[in-house]
Amino acid sequence: MRLSIYLLFVITSSCLFGQNRIGTGAVSELYTSVCASCHGAELTGGLGTTLLDVAKWKYVGKGKSFLEYVNEGSPQMGMPAYEGALTDAQIRSLEIYIDEMRQKSERAKGPLVAETDGVYSAGGYSFKLETVVDGLSKPWSIAFLPTKGVLITERDGSLRMFKDGELKAPVEGTPKVWANGQGGLLEVAAHPDYQHNAWVYLAFSESGGEQGGKKAGMTKVVRGRIIDNQWMDEEVVFEVPAKFHRSAGVHFGTRLVFKDGFLFFGIGDRGAQDMAQDLSVPNGKIHRIHDDGRLPKDNPFANESDAYPSIWTYGNRNPQGLDLHPSTGEIWESEHGPRGGDEINVMQAGRNYGWPVITYGMNYNGKPITGITAKEGMEQPKHYWTPSIAVCGIDFYEGEVFPDWKYNLFAGGLASEELHRLIIEDGQVVKDEIILKSVGRVRDVASGPDGHLYVVLNGPDKVVRLVSAD
Ligand code: HEC
């Protein structure tokens with residue numbers, strides 16, 4: 001019993017308290033025992049350089065990588081060479097630790113976003129947060145319907161319609177979900193031709209199998225229609241055989257994106273990191289199917305008999321955001337990293353996004369995962385956060401209320417309680433600005449048909465929108 005409570009704590013805390021781990025664990029012990037005597041317990045320097053101010057560094061980042069430098073040292077100047085004494089992976093974890101501590105000290109200097117009496121100034125605008133929907137329980141996703149209604153999922157299993165200023169009772173008859181750990185009712189999306197076919201898609205975790213004598217589950221996608229607040233005409237769009245179900249309550253992924261008659265969605269590694277590299281299993285992948293559930297014949301691994309046929313990309317740890325770039329049609333993804341290494345990627349057919357062979361993160365307990373962040377044949381993220389913000393939903397802004405934000409990518413952070421605005425030029429992220437801080441865990445973000453930017457928050461559980469205060 002005790003053990004299971006402890007395990008549950010480890011699982012939920014890995015996400016909930018991600019930011020509280022900054023500076024803790026095995027890596028902090030390693031730093032204290034090996035580096036602190038010269039660089040100071042607070043990293044502020046001593047015999048050695050301060051590690052909190054990169055501007056003062058003479059070699060690292062200036063033609064030399066951190067790994068090369070620490071391996072070679074500057075023996076004549078008093079910095080030992082660590083080659084052979086530390087593994088590359090340990091040195092990499094120290095680099096992440098130094099990034100964490102640097103960010104912590106920068107954040108201690110003052111607020112990250114200018115805010116006075118509820119008016120925020122960021123991204124070139126002044127804006128306020130206006131509560132749109134209150135009284136929700138763990139909202140996960142929001143979908144605007146062309147018929148003016150807004151659908152909201154609650155993780156414990158309810159799908160709710162908000163229309164004409166009123167939050168309706170949960171839609172009756174929606175699928176039973178496995179609300180375990182990070183699982184439950186996750187994503188809701190309307191078919192692009194909803195006006196004619198009224199299809200609403202739901203992604204959720206379902207338990208069907210068993211693993212090691214424990215209940216196990218996996219991500220599933222269905223579609224149905226809502227008539228008089230009843231879920232009708234349900235069709236299964238995607239489900240996996242019970243043998244692939246896993247008992248871990250983590251990394252179910254999802255989000256749903258429609259493009260050219262196809263449906264794209266992610267499934268996280270389900271707590272089994274090495275499976276992300278295994279093409280025969282569905283976890284740790286982005287999938288592509290027809291929007292009615294049929295398997296496309298031209299999927300990248302469709303002709304490999306051992307491969308799971310819906311796989312579009314692999315090496316994905318836990319996709320938590322997915323959106324189409326409004327002008328290029330590229331599929332952008334956010335992926336929850338471990339401790340460090342949250343990523344923004346552009347998904348391309350058949351590519352390997354590297355988890356866990358390459359990552360910008362380390363284990364939650366401060367032990368290294370790998371010494372490498374790049375490898376031939378594996379994709380680099382367009383952007384990453386180390387330390388992690390616990391990146392979640394993403395959305396390209398398409399409204400007119402904040403014209404300068406057009407086609408900026410907004411990304412929510414759970415543990416960091418932040419909303420980030422990423423400016424993209426020629427397919428590259430050129431700027432990352434925090435525009436909301438300490439507002440609650442940012443679960444989802446969506447550009448509304450009224451031109452406002454909507455944000456789904458957890459704790460407080462509500463939907464807010466950014467309105468101009470100019
Ligand atoms: C015995 C003292 C000592 C220890 C132990 C030590 N360092 Fe240093 N370190 C130095 C000195 C001295 C310098 C400045 C060297 C110079 O100016 O060329 C330095 C410089 C650095 C720099 C700055 C590099 C640059 O570009 O200017 C980094 C980063 C660094 N050390 C990391 C580490 C790490 C990580 C550890 C633990 C694995 C460590 N050091 C352990 C003495 C030490």
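The values are calculated or read from the model by the stated rules, or taken from the named source; none is laboratory data. Keep in mind that this is a model prediction, so the values were computed, not measured. Cβ coordinates were reconstructed from backbone atoms using ideal geometry, including for glycine residues, and neighbour counts include every protein chain displayed. The area values use the complete protein model at the heavy-atom level, side chains included, leaving out ligands, DNA and RNA. Shrake-Rupley method; radii C 1.70, N 1.55, O 1.52, S 1.80 Å.
Show me the strands (runs of 3 or more DSSP E) found entirely inside segment 423-470 where at least 1 residues are aromatic (Phe, Trp, Tyr).
Details: elements: 428-437, 441-447, 453-458, 462-468.
Passing ranges, in order: 453-458.
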Fill in: Restricting segment 353-370 to residues that are farther than 15 Å from Gln90 by Cβ and of a type outside the set (Ser, Thr, Tyr), the residue that is farthest from the chain's Cα centre (by Cα)
Val357
Item to complete: Output yes when any residue across segment 277-296 is assigned by TED's automatic domain parsing to the domain that holds Tyr364, of a type in the set (Gly, Ala, Ser), part of a helix (DSSP H, G or I) and open to solvent by 20 Å² or more (accessible area, probe 1.4 Å), and no when none is.
Response: no
Practice prompt. Out of the residues in segment 106-115 that are under 25 Å from the mean Cα position of the chain (by Cα) and surrounded by 15 or more Cβ atoms within 10 Å (Cβ to Cβ), state the one that is farthest from the ligand (Cβ to nearest atom).
Written response: Val113
Fill in: Residue match in segment 191-213 (condition: acidic (Asp, Glu), open to solvent by 10 Å² or more (accessible area, probe 1.4 Å), farther than 22 Å from Ile394 by Cα and not in a loop (DSSP other than H, G, I, E, B))
yes
Practice prompt. Test Ala41 against the stated conditions and say whether it is more than 12 Å from the ligand (Cβ to nearest atom), farther than 19 Å from Thr386 by Cα and among the aliphatic types (A, V, I, L, M).
Written response: yes
Fill in: Which listed residue, of Gly46, Gly23, Gly18, is within 16 Å of the ligand (Cβ to nearest atom), modelled with pLDDT under 95 and open to solvent by less than 40 Å² (accessible area, probe 1.4 Å)
Gly23
Worksheet item: How many residues, within segment 396-434, are within 10 Å of Ser334 (Cβ to Cβ) and open to solvent by 10 Å² or more (accessible area, probe 1.4 Å)?
Response: 0
Worksheet item: Within the group Leu94, Leu86, Leu136, which residue is crowded, with 16+ Cβ neighbours inside 10 Å, in contact (Cβ under 8 Å) with a residue 40 or more places away in the chain and more than 16 Å from the ligand (Cβ to nearest atom)?
Response: Leu136
